[in-house]
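Before any comments, here is the structure.
The values are calculated or read from the model by the stated rules, or taken from the named source; none is laboratory data. Being a predicted model, the structure only gives us computed values, none of them experimental. Using ideal geometry, Cβ is built from the backbone for each residue, glycine included, and neighbour counts are taken over all protein chains shown.
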Amino acid sequence: MRTRGQERAEFALQEVYNAVSGIKDKKEFKSFTAGVPSMILMNGFGQTLAFMVAKSDEKYTKVLSMIKK
C-alpha cells in the first residue's frame, strides 16, 4: 500500500516530466526550478507567486500551473 506522500511525489514527478517535455530550453528551466525553493524561503510563498505572476515568460507560467495543480 502506498502512502499519501508517495502518491504526491508521483504526481509531482509526472507534472515536472510533462512540463519539461514542452519546454525548448530545458537547461534554463532546470536552473530556474532549482532556485524556486530558495526564493520561497527568502521571500515567502505569496511574494514568490506574485513575482512569477508578474513575469510572462514560459518557465514562470509552467511552474505556476504545476503549483496550482
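Remarks
For (1) in contact with a helix residue (DSSP H, G or I) (Cβ under 7 Å, 6 or more places away or on another chain); (2) modelled with pLDDT of 90 or more; (3) surrounded by 12 or more Cβ atoms within 10 Å (Cβ to Cβ), each residue gets a yes or a no:
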| position | (1), (2), (3) |
| --- | --- |
| Arg4 | no, yes, no |
| Glu10 | no, yes, no |
| Leu13 | no, no, no |
| Ile23 | yes, no, yes |
| Thr33 | yes, no, yes |
| Thr48 | yes, yes, yes |
| Tyr60 | yes, no, yes |
| Met66 | yes, no, yes |
| Lys69 | yes, no, no |
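- Some residue of region 37-44 being at negative phi, within 12 Å of the chain's Cα centre (by Cα) and modelled with pLDDT under 85: no
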